[in-house]
């Protein structure tokens, strides 16, 4: 018989749970199955006689091996699973949330296999570290003599070997078989959707699936010369996560070979669920039909039905479950919400705020799927919240667990039906969905950071860090110590990097400044050398101008001007200092001696005479080369010939020969004087 439901919470105190099943005196041992119920005192005692009778209904709790005698309505499914497990090493059981997958395996299949004999059972849920969860389930199978401390150490070592592939899962199962040659092993992977919801990244998911597929296969068994039925795996998974499973081809191929889909119960099966456990009690006429009409074989309503039956049992009148009690609890749809509302209303305003934070942490926002429940540890929630958690467990709204091998206390909502049907919790999730979605991403990043031994490259950066710091400021109380540390460490890393970058820039600028100083000195030295060289050149030209001043006064003047230019090299413009003495002397001397205003280059030899045109726009010249040429006053090259004679003339200004006279006349005709 099941324990009374009043004030039940879940507590783990042993690695192996021994339960007496419907098989009589047979004891079913399921290694690593942590789901024991212990009765608590209810603050509201039942108002009916026979209150000492244990409730045969499970409320929101699943059926376990010790509930086999109370488990009804799934005979056909259980038998199909029993037959399939004889020939198949890997058996997936899919169904909607609340369809009773876990109960079918634990309270249906396991007791039936136990009656056959020669079976050993172990249980795990993937959680956030599926390799460690699997190792905890396997160690008791091949090393049952170890104490709790040794089991913890062995499980962590085995998890590392499985994760790295150093020890294949098939080898572990072969060792189990070798220890007990006559026994078969059934490993139960319960709530397998946790592989996708509890934070394991894609690479871990694929590696874990590869390990399972390789370990629980007929090929692995045959390779080692083992019997085909030595090891079996049954996993239960919500059907709405089938898309996640199909995204990995090896797992998809296995699912395509065949899986079991657990649909809703029909009316006859639901009637068994209601009537058969209530031995000695009767439903008031028409009540079963009324309940069936409300349930209508909808998927996921079994937990609600069980909870309503539990509430109905608590309000029974004598030996009868009545319509009046059913109306009072709000029916199947309203019973759970009414109970949750009443439990929440009994808290003080301060406790209600704590309860809200606790429940929000126990719900994982769905991304393309419905929200799912989430396990939180005592350390994560804190001591103050944990005190309230105990009261919520007494109210049958949450389940508290203690995993002895991991020395961790955890809590989760009693069933996902609470998430879907309690309006208060749905409202909290609507208003806080953005924060909770961000927090789950943060936890995934935190898990990767811790798994990498705190590699700084996996800390938060940029927008993610800014968002984390904002939530740390606004909602620090809703973040676990590890999450707060992760955000603070990320900010500290960014600050360190900033300081290092600023120091690097200072060093770089210092180096550049030093280099620029060296270059500047070198340039100044080069500039000084250039200035000295140019001024020395100017001094040399000044000397040359003095030497040529007598014979070539115009050339001397040109050289003196050049000397002045070179001597002023490097001085600001206009020059603010006097020219060197040599350049000044050459310039003044050249200017004093030179009478040349225009040098006419073009005649071959001496120019004997020259004259301006009447309007002053032209110059005409006659040279000893026998030619007369015309010039522009500003040009030093001729612009054309006036005449050319084979006989050279003496002068056009004072003609003495016929040629000169003729040239003079010609010039006069043209307007020359």
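Coordinate-derived values only; no laboratory data. Here the structure is a predicted model, which means the values were calculated and not measured. Cβ placement follows ideal geometry from the backbone for every residue including glycine, while neighbour counts extend to all protein chains displayed.
Fewest-first ordering of 329, 494, 624 by other beta carbons within 10 Å of each residue's beta carbon gives 624, 494, 329. Convex hull of alpha carbon positions in the stretch 347-458: directionally averaged projected area 8.5 nm². Divide the volume of the convex hull around the Cα atoms of the stretch 128-263 by the residue count and you get 119 Å³ per residue. For the stretch 56-128, the orientation-averaged shadow of the C-alpha convex hull comes to 5.8 nm² (one quarter of the hull surface).
The stretch 264-344 has equivalent-ellipsoid semi-axes of 18, 17, 10 Å, by the square roots of 5 times the alpha carbon gyration tensor eigenvalues, sorted largest first.
Each residue in 525, 106, 632, 321 was given a count of other beta-carbon atoms within 10 angstrom of its own, and listing them fewest first yields 525, 632, 321, 106. Restricting the calculation to Cα atoms, the stretch 86-202 shows an Rg/Rh of 0.97 when the hydrodynamic-style radius is the Kirkwood one. Averaging the sequence gap over all C-alpha pairs within less than 8 Å and six or more residues apart, then dividing by the number of residues, gives the stretch 347-458 a relative contact order of 25 percent.
Here is the tail figure for the stretch 245-403: Cα pairs spaced more than 20 Å apart come to 64 percent of all pairs. Fewest neighbouring Cβ atoms within 10 Å first, the residues 213, 158 line up as 213, 158.
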